[in-house]
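For reference, the structure discussed in these notes is given below.
Any read-out appearing in this document is the output of simple, stated calculations on the displayed coordinates, not a laboratory observation. Just so you know, these numbers come straight off a predicted model, no measurement behind them. No Cβ is skipped: glycine too gets one built from the backbone with ideal geometry, and neighbour counts run over all protein chains shown.
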Amino acid sequence: AVCSMGNSTSRLYSVLAKTLSSGAVSQHQDCLEQLDSAQLDPIDPKDLLEECQIVLQKRPPRFQRSFVNLKKNAASNHRPIRVMQWNILAQALGEGKDNFVQCPMEALKWEERKCLILEEILAYKPDILCLQEVDHYFDTFEPLLSRLGYQCTFFPKPWSPCLDVERNNGPDGCAIFFLKERFELINSANIRLTAMKLKTNQVAIAQTLKCHETGRLFCIAVTHLKARTGWERFRSAQGCDLLQNLKNITQGAKIPLIVCGDFNAEPTEEVYREFSNSSLNLNSAYKVLSPDGQSEPPYTTWKIRPSGECRHTLDYIWYSQHALNVNSALGLLTEEQIGPNRLPSFNYPSDHLSLVCDFSFNQDPDRLL
C-alpha cells in the first residue's frame, strides 16, 4: 500500500506517493482524504529528501556539482538570492515523443524520476525556482513545494504537445516558485508570446517581487521559446515580444530583472543578440564561468536521438547587470559525469542541466541602469 511505510514519516510518504502514478487518484482514495486535511501543513525539506532517497535507493547517487564563487562580488549587506533555472523534461514527452535512444525506459519512470527532480531542487534550496516543461504541476510540484514554503504559479501552453501522448497528465508549461518568507508578490503577468503579430504556443510568466530584507523590487520571468532548427526567425520574434513586455513591466528597466528560460537558441542566434543588446541592459549570468567572462558554457543540454547526438547551449539566466551582481554559479556536469549515453539517465532526470546562481543587489540602489 502506498499510504504507509510503517514509520513516523508515513503521513509525508502518503503525500509523495499520491503523485507517483495517475492511478493513485482512483486506487487510493483514503490517502487523498488524508492529503486534503493536511494540505496546508508544512513539510520539513529534510523529511522530503529522505523519502525521495528511499524511493531512489536502487539508483546510483546523484552527481556532485560545486559552486564557483566570484570573490570580486562577494561584498553584500544582504543574503544572496538563489535562482534556479531548469527544463525538467515533461513526463509525457520523455516517455512518448523525445526518442532518447540511449536512455532505458526504466530510467524515465515517473515514480522515480520525479524524486530525482525533487532531490535536485532540495539539494540547492533555491529562493526562486523557474521551470519549463512542467506537466505534473497540480499533482506533484504545487502540493509539495507549497508545503515547503513556496508560492507557486503555473501557465500552460495553449496547445501542449503532451496532449498528443496517450495517458498524458495534461499540458506542460512554465512555472515560478518563490519563498514567501523572503519575498512578497507585487504583480504577476501571464504572457502568451506573439510572433509576426500572431499569438503562438509559447508562454512566459513575469512577476514583480519585493525582497523583505532589503525592501527592493525586482522582476523574475520564466519562458520557453519555440524549439527546432528552422524556427530561428520565429524565436527572434518571440524574444522581441517578451522583451517589450518586460520593458513595460520593469518601467523601462527601473526595476531590476532576472529572466530564466530554455530559449532553444544557441548564442549565435538572433534572439540571443536581442537579449544581449536590449535597452534592459541584460547580461547572461553563466558567462561568469568562462575564463574571459565573455563565453557561454559549452552545453546545457546533451542527448542522443535517432538523428544523432545533440549537444547545445540553450538555457540561460539573464540579469540586469548594473543593478545585480552574480555572486556564484553552479558548475556544470562534466562529460565524464554525464557518461556515454548522455541525458536523461538513471543518474539525472532531464536532458537539460539545472542552472543555479546567487545574486545580490548592487550596493547603490540609486545607480542608473
Positive-end extreme of charge dipole, segment 81-363 - chosen from V271, W110, G308 (charges on Cβ): V271
Length added when fully stretched, W159-L198, from 0.36 nm per residue minus Cα-Cα: 12.6 nm
Of S307, S146, S284, the one that fluctuates the most in a GNM where the chain has Cα springs shorter than 10 Å: S307
Positive-end residue, the chain charge dipole about Cα centroid, Cβ charges, pick of L49, S360, C260: S360
Scattering profile of segment 141-285 at q = 0.15 Å⁻¹ [log10 I(q)/I(0), Debye over alpha-carbon scatterers]: -0.81
Between 0 and 90°, nearest 10: helix 45-55 axis offset from the chain longest Cα axis: 60 degrees
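Please get the size of the charge dipole for the chain, origin at its Cα centre, with Cβ charges of +1 on Lys and Arg and -1 on Asp and Glu, quoted in debye to the nearest 20. Don't skip to the answer; put the middle values down first.
Values: 39 positive and 43 negative charges, 164 e Å.
I would put it at about 780 debye.
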Net charge over other residues, Cβ less than 11 angstrom from the Cβ of I88 (K, R count +1; D, E count -1): -4
Largest-first principal axis extents of the Cα set of segment 213-369 (Å): 51, 33, 27
Highest to lowest packing among 289-297, 336-344, scored as the average C-beta count within 10 Å: 336-344, 289-297
Segment 104-219: C-alpha gyration tensor shape, a/c 1.5 cut-off, then a/b vs b/c: oblate
Options I205, C162, A175, ranked by Cα towards positive dipole end of segment 159-226, top entry (Cβ charges): I205
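Which percent of the Cα-Cα distances in the chain go past 40 Å? Walk me through the numbers before you get to the answer.
Values: 7414 of 67896 pairs.
Summing the P(r) tail past 40 Å for the chain gives 11 percent.
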